[in-house]
Amino acid sequence: MSTAPPPGGFTAEDLLRLPGLPSHTELIDGGLVFRSPQEKWHSRVINLLVAELNRQAPGGLQADREMTVRLAKRQAPEPDVVVVTSEAYERDEPSTYYLPEDVALAVEAVSPDSEKRDRDTKPRKYAKAGIRHYWRVENDEGRTVVYVNEGDPATEGFSLTGIHHNQLKVTTPFTLDIDLTSVGRRSA
């Protein structure tokens, strides 16, 4: 199969079957999106969030990194971090993606090439698919900032519920406290 888009664009099924795609290829509006190499901060913030979300999440939830979420026929983004049900995390099939109903939280760590998608496109797609919680994480001149968003049924979108510098403390989707200044710092 060619990577030239078919009429109407690619589908999630195409994305999952196309051989030889670069790692972390996403499907947005039927088009393939290739990610450029990530900076160290990006990898380190993902590592911190996965570790802390797994440590602090209640039973029945599990964090995972860089897994596709099949939102719709032509929408299959790959959040940097997701928190999913333990049942979804442990099931054998599908093994290459999660479904929106599996996801309690989607997180994007913004890179220069993903800024528009992470700030605008993906949150709209996540909200429309019924994902209730979305965090956008940004590197602000060396400081990690987390923008916490919650689904708003009145707008069928997300509403910003907090901007966190240095310390991320929330009570939804579960109680959580993360020292954001520890991004990249080795644990003792």
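Here are the numbers:
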quantity	calculated
Residue among L53, L32, T96 farthest towards the positive dipole end of the chain, charges placed on Cβ	L32
Extension gain, Q167 back to E93 (0.36 nm per residue minus Cα-Cα distance, nm)	23.0 nm
Size of charge dipole - the chain - debye, nearest 20, with Cβ of Lys, Arg +1 and Asp, Glu -1, no other charges	220 debye
Surface accessible to a 1.4 Å probe, per residue, for the residues of the range 1-47, Å²	56 Å²
The range 76-115, dipole about Cα centre (Lys/Arg Cβ +1, Asp/Glu Cβ -1), debye to the nearest 20	60 debye
Pairwise label distance in nanometres, A154 with N47, each label 7 Å out on the Cα-Cβ vector	4.3 nm
For the range 1-110: relative contact order, % (alpha-carbon pairs under 8 angstrom, 6 or more apart)	24 percent
Check: the range 13-52 dipole with +1 on Lys, Arg Cβ and -1 on Asp, Glu Cβ, in debye	240 debye
Leading residue at positive end of dipole, the range 55-175 (Cβ point charges), from V82, L168, P153	P153
In Å, descending, principal axis extents of the Cα set of the range 28-104	36, 31, 18
For the range 63-103, accessible area per residue (1.4 Å probe, heavy atoms of protein chains only), Å²	45 Å²
Residue-level accessible surface for Y89, protein heavy atoms, 1.4 Å, Å²	90 Å²
Whole-number D in µm² s⁻¹ for the range 84-147, Kirkwood Cα-pair radius fed into Stokes-Einstein, 4 °C, 1.567 mPa s	100 µm²/s
Kirkwood Rh and Cα Rg combined as Rg/Rh, the range 100-186	0.97
Rounded percent of accessible protein surface that carbon and sulfur make up, the chain, 1.4 Å probe	48 percent
Helix axis angle, 40-56 relative to the chain longest principal axis, alpha carbon, degrees	70 degrees
Fluctuation leader among V137, V33, V69 - the chain, Gaussian network, Cα springs under 10 angstrom	V33
Taking the range 67-188 and dividing mean pair separation by its residue count, relative contact order in percent (alpha carbons under 8 Å, at least six apart)	17 percent
Whole-angstrom Cα spans of the range 8-65 along principal axes, big to small	42, 30, 20
The range 1-133: translational diffusion in µm²/s, Stokes-Einstein, Kirkwood Rh over Cα pairs, 25 °C, 0.890 mPa s	161 µm²/s
Two-site label geometry, N54 and S36: point separation in nm, points 7 Å out along Cα→Cβ	3.0 nm
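The values are calculated or read from the model by the stated rules, or taken from the named source; none is laboratory data. The structure displayed is predicted, hence computed values, not measured ones. As a convention, Cβ positions derive from the backbone with ideal geometry for all residues, glycine included, and neighbour counts pool all protein chains shown. Each accessible area value is taken on the protein alone, full model and side chains, heavy atoms only, with ligands, DNA and RNA left out. Shrake-Rupley method; radii C 1.70, N 1.55, O 1.52, S 1.80 Å.
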